[in-house]
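Engineer: Quick one: this structure, given as structure tokens, is what I'll be asking you about.
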Amino acid sequence: MATRTSIQAGPRLDRLPISRFHWRILGLISGGAFLDAFDVYLAGGVIAALKASGFATLGQAATFLSATFLGMLIGAGTAGYLGDRFGRRYSYQFNLALFGFASVAAAFAPSMTFLIVCRFVMGVGLGAELVVAAGTLGEFIPPSHRGRWGSIMGMIIGSGLLVATMIGYVVIPTLGWRYMFAIAGVGALVIWVLRKKMPESPRWLESVGRLDEAETVLSAIEAEVRSEEGTLPPPSTAPSVVLANAPLSKLFAPGMRGRLAAASFTAISINVSVYGFVAWLPTFLVSKGHTMVQSLGFTTLMSFGSIVGSGIAVLIADRFPRRTSLIVTALLILLFGALYPNAVSPIALTVTGFLLVTSIYVLTAIGLFLYVPELFPTAYRLRGTGFAGMCARAASMATPFLTVALFQRFGLEGVLAMVGTVLALMIVSILLLRIETRGASLDEIAQTPEATPETAPLGLVGE
């Protein structure tokens, strides 16, 4: 009797019509990632409040942000290993619990040192959550809808900026910064409980040879969708990919290096754009002579760009090639970044800042939640995405100190020049790679020649 080597998880998932099952998966994954984003973005308002109240110096504020990025670096790498070794479900539950408890502890911080330690632990959970969210959702969504749905998740996560600044505008001046951490922590623990019923990814189960479990989970998904949609269309005849073994060394094989480089530079550019500019908006505005309340008000208006940018990504993700969208958006960021320092009036400042934030979040939605995880085969997806995240976090650790140094010496122009440099590196790496992922199945992307060290799929075997 022949040994079964595949259950065709990819083709069977790809043929499913969109149903309540997909919406539930989107909500459970995006809910936790939204709270992580909320916690990341509350840093801008919290830092301004810490500095204004004398609880922290500007140098301590930079250390606070760098501790976040160090934790996120470790979390991204840990999530990549745990997610590819023990499963997506194990990884996202562990990191969300870690983040939730650390956030609650931060609300009771007696000193800035204690708060920085809590922030580091939160960072581990934050870095892990975003890696798992980006890598997992696409494994459930059909190729024809993957761009739109990944961008919807990006919109939900991106709204964390708007929600954090709006809540911070009300909460920080009246109740204090501690309540911001309490809100994030309690919300994360609620999502953790709801996620306990979320299924494991059948693609991952198949990729590690757990075929009986994969069949059980996939059959349950198909039965649920069938009960709602009726007869299901037949799966494609393309063989599903099964990975015989997945040593970490093959992630760095010659045929994968271009993907790893493009993914890493994309993640780096997004992180430097967000954490080198967006997270520091309140502090920049305070330094320009605005009061804390005024700066939070301006930042709130600009933050609507995170929703608009993600909404634009939803509209264009499945209509235009990923590479074109990323490159054009990067050029727009450079344009609006050049205009922003010259804005003088409150209206010009707000409009230009809004357009800049909008462009940054188009890049975030398409780059971080679609392009990066799409580049890697299933058994390497979280490690590849996690490695790119680790590179981004390493760059982000230095970003707060570079931001302070550049701002003090060259003004806002110096900060925006730093952002422009990493965007240029991203554009070059994408142009050199020449891999387009829009509309293609994850199995097809994994089996393209660029995914292999020679001409055969990298460590991949079919039936």
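Engineer: Evaluate the following for Ala107: is it surrounded by fewer than 24 Cβ atoms within 10 Å (Cβ to Cβ), small (Gly, Ala, Ser), over 27 Å from Ala398 (Cβ atoms) and in contact with a Lys or Arg (Cβ under 7 Å, 6 or more places away or on another chain)?
Structural biologist: Numbers: surrounded by fewer than 24 Cβ atoms within 10 Å (Cβ to Cβ): yes; small (Gly, Ala, Ser): yes; over 27 Å from Ala398 (Cβ atoms): yes; in contact with a Lys or Arg (Cβ under 7 Å, 6 or more places away or on another chain): yes.
Yes.
Engineer: Another question about this same structure. Of the numbered conditions (1) modelled with pLDDT of 85 or more; (2) open to solvent by 10 Å² or more (accessible area, probe 1.4 Å); (3) touching a Ser or Thr at 6+ places or on another chain (Cβ under 6 Å), Arg148 satisfies every one except a single condition; which is it?
Structural biologist: (3)
Engineer: Hey, does the range 347-363 have a residue that's closer than 20 Å to Pro142 by Cβ and either outside any helix (DSSP H, G or I) or not β-branched (Val, Ile, Thr) (or both)? Can you show your working first?
Structural biologist: If we filter the range 347-363 for residues that are closer than 20 Å to Pro142 by Cβ, which is where we start, we get none.
Within the range 347-363 (the criterion being closer than 20 Å to Pro142 by Cβ and either outside any helix (DSSP H, G or I) or not β-branched (Val, Ile, Thr) (or both)), the answer is no, since none of the residues qualifies.
Engineer: Right, here's the next one. Scan the range 29-47 and tell me whether some residue there is without any contact (Cβ under 8 Å) to a residue 24 or more places away in the chain and open to solvent by 10 Å² or more (accessible area, probe 1.4 Å). Can you show your working first?
Structural biologist: Taking the range 29-47 and keeping what is without any contact (Cβ under 8 Å) to a residue 24 or more places away in the chain, we get none.
No, the range 29-47 has no match at all.
Engineer: Tell me, please, whether a residue that is at pLDDT 85 or above, open to solvent by 20 Å² or more (accessible area, probe 1.4 Å), within 22 Å of Ser310 (Cα to Cα) and not hydroxyl-bearing (Ser, Thr, Tyr) can be found in the range 155-162.
Structural biologist: yes
Engineer: Right, another one. Suppose we filter the range 405-455 for residues that are modelled with pLDDT under 85, open to solvent by less than 70 Å² (accessible area, probe 1.4 Å), outside any helix (DSSP H, G or I) and in contact with a helix residue (DSSP H, G or I) (Cβ under 8 Å, 6 or more places away or on another chain); how many remain?
Structural biologist: So the answer is 3.
The values are calculated or read from the model by the stated rules, or taken from the named source; none is laboratory data. Only a predicted model underlies this, so the values are computations on that prediction, with no experimental measurement involved. Cβ sites come from the backbone with ideal geometry, for glycine too, and all protein chains shown count toward neighbours. Heads up: the accessible areas ignore ligands, DNA and RNA and are worked out on the full protein's heavy atoms, side chains in. Shrake-Rupley method; radii C 1.70, N 1.55, O 1.52, S 1.80 Å.
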